[in-house]
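Heads up, the thing below is written out as structure tokens.
The values are calculated or read from the model by the stated rules, or taken from the named source; none is laboratory data. Values in this document were obtained by computation on a predicted structure and should not be read as measured data. No Cβ is skipped: glycine too gets one built from the backbone with ideal geometry, and neighbour counts run over all protein chains shown. Accessible surface is based on the protein model in full, side chains and every heavy atom, while ligands, DNA and RNA are left aside. Shrake-Rupley method; radii C 1.70, N 1.55, O 1.52, S 1.80 Å.
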Amino acid sequence: VAPAEQPVSAAPPFVPNTPAIRWTAPAVTVNIATGAQIGLASGGVPEINAAIAQWNAAGSSLSLISGSRVAPRCLDSAGFTGILVTFNDPCDEISSDGSLLALASFGYQTSGAQTIGGRLFLPITDVVITTSANLQSRQYLTNSPCFHSTLAHELGHAIGLDHNRDPQLLMCGRPASC
């Protein structure tokens, strides 16, 4: 269920971000930066594509489309549309304490907002997801199922969802067991 279909009083597992944000297009392209996830034999692309497929199978009216390989960007980059997944924190923006595996950064507009179910949603313009380069985080990210889970979680943020409180669900704010 995408934020577009969620009423304001909805309970977990789907909780909109604050501020409430959503894509206005029916399909969003997910580009993957050139390079690879360090220590992951596949480089991370198959796991990202599986995470895209997982969200597309969730029954939302929003479709994620696999895009191209493109140059990496920093988290605060603008000037593109869609979602970009980049590897190993190329701009050194994630804390080095190992507390974060990955991070999603949003661009959104204050114009063009829509009210859905009594809640105001701002339109998302772009999202950059980057994985941590921290050695402690890398131990988790070099495991294919863990990397997949992490990217599926970050794609959830990229489509406008926040953390929920159920530790058994993907959008809980902790790493899944792998």
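A few remarks follow.
- For the stretch 89-102, Karplus couplings with θ = phi - 60° (6.51, -1.76, 1.60), whole Hz, Gly/Pro x: 6, x, 10, 6, 9, 9, 3, 8, 7, x, 7, 10, 8, 7
- For the stretch 126-137, backbone phi angles converted through the Karplus equation (6.51, -1.76, 1.60; θ = phi - 60°) give residue-by-residue couplings of 7, 9, 10, 10, 10, 8, 6, 9, 4, 4, 5, 5 Hz, Gly and Pro being listed as x.
- Atom-type composition of the exposed protein surface of the stretch 116-178 places 53 percent of the accessible area on carbon and sulfur (1.4 angstrom probe).
- Length gained on full extension, CYS172 to LEU135: 11.0 nm, using 0.36 nm per residue less the C-alpha separation.
- Scalar couplings 3J(HN,Hα) for the stretch 25-42, obtained by applying the Karplus form with A = 6.51, B = -1.76, C = 1.60 to θ = phi - 60°, are 7, x, 9, 10, 7, 10, 8, 10, 5, 5, x, 7, 6, 4, x, 9, 3, 7 Hz; x denotes Gly and Pro.
- Cα centre as origin, Lys/Arg/Asp/Glu Cβ charges: the chain dipole, Debye: 240
- P(r) tail fraction, the stretch 82-127 - alpha-carbon pairs more than 12 Å apart, %: 70
- Averaged over its residues, the chain has an accessible area of 46 Å² per residue, based on protein heavy atoms and a 1.4 Å probe.
- Here the extension length gained between SER61 and THR142 equals 26.0 nm, from 0.36 nm per residue of separation less the Cα-Cα distance.
- Relative to the dominant Cα principal axis of the chain, helix 144-158 is inclined by about 30°.
- Helix 45-56 vs. the chain, principal-axis angle (Cα, 0 to 90°, nearest 10): 20
- For SER63, the amide hydrogen comes within under 5 Å of the amide hydrogens of ALA27, VAL28, counting only partners 5 or more places away or on other chains and with H modelled in the peptide plane.
- Working value for the stretch 10-108: equivalent-ellipsoid semi-axes of 23, 17, 15 Å, each the square root of 5 times a Cα gyration tensor eigenvalue, largest first.
- Where labels lie 7 Å past Cα in the beta-carbon direction, separation of THR115 and ASP76 in nm: 3.4
- For the chain, the antiparallel share of DSSP beta bridges with both residues in that region comes to about 40%.
- Computed from label points 7 Å out along Cα-Cβ, the spacing between ARG165 and THR29 is 4.1 nm.
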